[in-house]
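The values are calculated or read from the model by the stated rules, or taken from the named source; none is laboratory data. No experiment lies behind these values; they were computed from the predicted model shown. Cβ: placed from backbone, ideal geometry, glycine included. Neighbour counts: every protein chain shown.
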Amino acid sequence: MNRPNTGSEPDPWRVPVIVAQIPDTGLHREIEASAAERKVMAEVASVREILSANASFDVVPKSGGRLHVTGHVRARVGQTCVVTLDPIENEIEEEVDLTFAPEAEARRLSDLIEEGQDDEEPPEVIDPPEAIINGIIDLGRLATDALFLAIDPYPRKPGAVFEAEVVALDPEDHPFAALKALQDKKKGQ
């Protein structure tokens, strides 16, 4: 998942989980962004405000040092209607289902998938696993990415419809009006 901010801005919502501390039976986490975290998230996402943001994740260890993370992210986002410019609020609920792998394996699988894209027949779209970096996965970053991807870039107030102003054209105002005026002048002589 790529973030809208590709610069060096810090992650506004951090909830790191140390992979070595995840029990074999897995781990369940409920997380909620603080007011300060939501304020920075809103700035990064270019929305008026994020009124609430929380997530629920299940992290299950798999073979080869991989992790399977499932869950959902819920948020209430304050935006501005692109038609009426009125403030509106949108509910977001996004499902998450990702696999994480050690960084070297994630890179190797990503390269293999990329090489396979050169085939003439388009293969099924396969997402490479996310990388486990420095033995940590960040559930806050995962939730933020899911939230940012779900934000409507062109929010509309219910029932708001953009209507272009239609101006009735003067029947005498057309590309050949000058020619018609010359023709009428000639007939009048």
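Only one of these is of a type in the set (D, E, K, R), over 20 Å from Leu142 (Cβ atoms) and modelled with pLDDT of 95 or more: Glu115, Glu49, Glu91. Name it.
Details: Glu115 fails: modelled with pLDDT of 95 or more; Glu91 fails: over 20 Å from Leu142 (Cβ atoms).
On inspection, the qualifying residue turns out to be Glu49.
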Condition set loosely packed, with under 14 Cβ neighbours inside 10 Å and of a type in the set (D, E, K, R), scope the stretch 49-67, selection nearest to the chain's Cα centre (by Cα): answer is Asp58
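Out of the residues in the stretch 73-92 meeting the condition of being of a type outside the set (A, V, I, L, M, F, W, C) and free of Cβ contacts under 8 Å to residues at least 24 places away in the same chain, tell me which one is surrounded by the fewest Cβ atoms within 10 Å (Cβ to Cβ). Quick ask: steps written out before the conclusion?
Restricting attention to the stretch 73-92, the residues satisfying the condition of being of a type outside the set (A, V, I, L, M, F, W, C) are 74, 76, 78-80, 84, 86-87, 89-91.
This time we only want the ones that are free of Cβ contacts under 8 Å to residues at least 24 places away in the same chain, so: 74, 91.
Working: Arg74: 16, Glu91: 10.
Across the stretch 73-92, the extreme among qualifying residues is Glu91.
Can you find, within the stretch 26-46, the residue that is farthest from Phe148 (Cα to Cα) among those that are in a loop (DSSP other than H, G, I, E, B) and modelled with pLDDT of 95 or more? Quick ask: steps written out before the conclusion?
Looking only at the stretch 26-46, we keep the residues that are in a loop (DSSP other than H, G, I, E, B), and these are 26, 33-34, 46.
Add one more test, that the residue is modelled with pLDDT of 95 or more, and what stays is 26, 33-34.
Working: Gly26: 27, Ala33: 14, Ser34: 17 Å.
Residue satisfying both the conditions and the ranking: Gly26.
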Limited to the stretch 81-106, what total is found for residues that are outside any strand (DSSP E or B) and either of a type in the set (Ser, Thr, Tyr) or within 14 Å of Asp152 (Cα to Cα) (or both)?
4
